[in-house]
Amino acid sequence: MKRNYSLIPSMIGSSSSGFIWSFQNPYQLFYFDNNHPLIISKQICNDTSFCLWYNSPLWTFNDSQSTKFAFMGEINKWTFISRQRFTHLYNNYHNTQMTITIQGSANELVQILVYHSKFKSIIQISCHFYKQKLQTQIIINSTNVICL
């Protein structure tokens, strides 16, 4: 890179605000909207380094606290959220729960990251797949993030 860059969501085809994080540190989230751009430094991202960034929209539940969450996906993968792994996302009728269907292989352990405003942090959950159970669900609501 010859110079620093500043990116906002519309520059990458997004119209929603959310979080952005780097592959090197998925536990350090930055708010990302038109007023909070991603600044890419030529000192950090250059010919001798590797920079990869991800973003996720911030979802708001229809509950008394307007609980927010960002589904970040599978940690330590080039593609944190892929169609092969996460086959369905379903928000219930009342917008109080998100259900995400996950595909896996026998005896696979998948580590998933979700930011949740109730806990004001990133939650890491583990989904374990067995020979007879190669599909499971993550349930996110105003009080929990669980893998069934």
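For every residue, the table says whether it meets (1) under 20 Å from Ala70 (Cβ atoms); (2) modelled with pLDDT of 95 or more; (3) of a type outside the set (Val, Ile, Thr).
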{"site": "Ile100", "(1), (2), (3)": "yes, yes, no"}
{"site": "Gln103", "(1), (2), (3)": "no, yes, yes"}
{"site": "Ile125", "(1), (2), (3)": "yes, yes, no"}
{"site": "Gln137", "(1), (2), (3)": "yes, yes, yes"}
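Residues in region 97-110 that are assigned to a strand (DSSP E or B) and loosely packed, with under 13 Cβ neighbours inside 10 Å: how many? So the answer is 1. Of Phe19, Phe32, Phe61, Phe71, all but one fail to be touching a helix residue (DSSP H, G or I) at 6+ places or on another chain (Cβ under 8 Å) and crowded, with 16+ Cβ neighbours inside 10 Å; the exception is Phe32. Kindly indicate whether Ser17 is at pLDDT below 90, within 18 Å of the chain's Cα centre (by Cα) and small (Gly, Ala, Ser). So Ser17 passes the test. Restricting region 42-58 to residues that are in contact (Cβ under 8 Å) with a residue 24 or more places away in the chain and among the hydroxyl-bearing types (Ser, Thr, Tyr), the residue that is surrounded by the fewest Cβ atoms within 10 Å (Cβ to Cβ) is Tyr54. Taken as a whole, the structure leaves Ile39 outside the set of residues that are within 21 Å of Ile140 (Cα to Cα), of a type in the set (A, V, I, L, M, F, W, C) and without any contact (Cβ under 8 Å) to a residue 60 or more places away in the chain.
One residue stands out in region 52-96 among those that are in a loop (DSSP other than H, G, I, E, B) and hydroxyl-bearing (Ser, Thr, Tyr): the one that is modelled with the lowest pLDDT, namely Thr79. Restricting region 20-41 to residues that are assigned to a strand (DSSP E or B) and of a type in the set (Ser, Thr, Tyr), which is nearest to Ile122 (Cα to Cα)? Step by step, filter region 20-41, then rank; the result is Tyr27. Residues in region 126-136 that are within 16 Å of Met72 (Cα to Cα) and either surrounded by 15 or more Cβ atoms within 10 Å (Cβ to Cβ) or in contact (Cβ under 8 Å) with a residue 60 or more places away in the chain (or both): Cys127 only.
The values are calculated or read from the model by the stated rules, or taken from the named source; none is laboratory data. Bear in mind that the values here come from a model prediction, so they are computed numbers and not experimental data. A quick note on method: Cβ atoms are made from the backbone with ideal geometry, for glycine too, and the neighbour counts reach across all protein chains shown.
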